[in-house]
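This report concerns only the one structure given below.
None of the figures in this text is laboratory data; all of them are computed from the coordinates on show. Everything numeric in this text was worked out from a predicted model, so none of it was measured. FYI the Cβ positions are ideal-geometry reconstructions off the backbone, even for glycines, and counts take in every protein chain you see.
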Amino acid sequence: MQRRIRVATTWLSLVLGLVLAAKAPVAAQPSKTATQQVVEGIRKELLKLPYYGVFDYLAFSYDKGTVTLVGYAYRPTLKTDAVRAVKRVPGVDQVIDKIEELPVSQNDDELRWKTYYAIYGDPFLSRYAPGGGILWGHRHPFDPGFHGALGPAEFPGMEPAGDYPIHIIVKNGKIKLLGVVDSESDKTLAGLRAREVPGSFGVENVLMVENERRSTKR
């Protein structure tokens, strides 16, 4: 009789153990590192800047509490706004501002808009325009962490933070294209359309190609 009681007790304990194990919460996934959280916070703050547009370009690096900002600011307030926004990110102790403020020029303004319509109005490139289907910037699926390899050769080791696939930088009549496109043919076509804009003193096409970005990342 006692043996039967022991066997029954053993089975009851086993059943209770299985029930409790089934109800136990699943182990939490590893959280993002502190550095990953800071980097993502910096990107989000930059992309939320209300006056950051297609004629500006920002990139950054982060190292042990220090953020270095680079790029070009079409609007004079973008420099100060960017620095102020990044300083709000927890984990940022110092911000080094290396953003170049573009000179005020009516001729450059005309080139900016002509280049914009030439590129984003092209039938094959129009999908890169706002609402055209290509999503970049804060809507692009970045993996956690830092992505310095995404930046152009002009800013080695810097992570880009742009909400337009193709940023158009104009300085003293010279046009520079920065950003990321899907293919080498799209990059070539964007440069071709920019070179067709009358009145410029040259075009520098520094666009990255998405498949090249992936191979670099590997």
| Which aspartates and glutamates, on any chain, are close to Lys98 with Cα under 18 Å apart, when same-chain ones fewer than 8 places away are left out? | Glu45, Asp56, Asp63, Asp81, Glu154, Glu159
| task | Mind scanning Lys48/Lys87; Lys87/Lys176; Lys79/Lys176 and naming the pairs with a C-alpha gap bigger than 21 Å? | result | Lys87/Lys176
| said: For Asp182, what residues show an amide H to amide H distance below 5 Å, using hydrogens built from the backbone and excluding near sequence neighbours? | reply: Glu210
| task | Can you tell me the FRET efficiency between Asp63 and Val104 if r is taken as the Cβ-Cβ distance and R0 is 35 Å, rounded to the nearest 0.05? | result | 0.55
| said: Suppose each label sits 7 Å from its Cα in the direction of the beta carbon; what would the Glu154-Asn172 distance come out to in nanometres? | reply: 1.4 nm
| note | Taking a ≥ b ≥ c as the square roots of the eigenvalues of the Cα gyration tensor, with a/c under 1.5 meaning rounded and otherwise prolate when a/b exceeds b/c and oblate if not, the stretch 52-138 is oblate
| request: Quick one: what are the phi-derived ³J(HN,Hα) couplings along the stretch 101-106, Karplus 6.51/-1.76/1.60 with θ = phi - 60°, whole Hz, x for glycine and proline? | output: 8, 6, x, 6, 7, 5
